[in-house]
Structure formats: structure tokens, C-alpha cells
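The numbers here are math on the coordinates, done by the rules we state, and not lab data. Just so we're clear, the structure is a prediction, and the values are computed from it rather than from any experiment. Using ideal geometry, Cβ is built from the backbone for each residue, glycine included, and neighbour counts are taken over all protein chains shown.
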Amino acid sequence: MTNENSSSRPPLYSQIDVAQSSYSSSSQEGGHSGNDQTGLLRELLAAQDRQNALLEELVGHLVGAQKQRATELGQWKQANPHLARRCRSAAEALGKIQTEFLESLTEEINDNYEVLVDGEFMLNEFVDRFGPRMAHLNGLLQVLSQLSAAASPPTPPKSS
């Protein structure tokens, strides 16, 4: 991250002035010099500052990618408003299908709890039967929901 960006916002952490104090004379009696402790604390502080700078840079990259994705998605929605509305209705329908699927999945678990706990083969069969379908269903629902999220003002409801 550049210095221009970091100077425009307040720092996340303040500087700590680590100076030798009267406590250091008593710590010297224990075998550690105050200068050693001060040096270690300064090194820790410098390492923490480097970590903070790297984290700020990482967050900047992630936010930039997210903003770019949101911009592209908004442009797609403006170019395809009819398809975006259809994605919304498809997402709602798929949400209902997902609810029914979850009901059958939970019923299967509740009815066969003992068999699933005791038998690894039956648990693997259960996961093979429901797992991929659940994962794909969730993925499809997520894509449809993202493509249909309201970017433009909502259309007025149709009067009957």
C-alpha cells in the first residue's frame, strides 16, 4: 500500500514509546538487562507494524476485486434486465425446491440416526446420495441470487 493511502486515514494502532525506566534496575538483578527487553519490544513492534501494513495491502486488493466484480455484475444487470428478473423468479422457485429437499434430508437423518451413527457404510451412502445434490443446489441458488440482486429500482407490482 502506498504512503499516500496510509496518510489519508488514521492509523489502526498507535506507537508505544518503550523507554528504560526505574523498573529496569530491578529486572537487571534477575539476569535480563533493560536494553535487551527494550530491544525485543522494539523488534516486536516493528514486526507488528510490518504485519499491519501487509494486512492493509491485502484488504486493499480484496476490496478492489470485490468492487470490480460488483461493477461488472451491475453492468450485466443493466444490459440484461429481463434476464435478471427471470433469475430472481428462478431463484425463488429453486429456494422452495431447496426447502423441500432439506425437509426430506432431515427426515432421512431423523429416521435413520442410529444406522448412520453406527454404520460407516450407511453414512457414506447417505453423504453420496445427498451431498453432491446439496452442494450443486446451493451453488446454483447462489449464482441465481447474485445475478438477480436488485441493482436497479424495483418494478411496480402488477395490479390484478
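I'd like to compare 35-42, 59-66: which one has the highest average count of other Cβ atoms within 10 Å, and what's the full order after that?
Details: 35-42: 12.9, 59-66: 10.5.
Highest-to-lowest ranking by the protection proxy: 35-42, 59-66.
Sort Glu108, Glu103 by Cβ crowding within 10 Å, fewest neighbours at the top. Walk me through the numbers before you get to the answer.
Numbers: Glu108 14, Glu103 10.
Placing the least packed residue first, the sequence is Glu103, Glu108.
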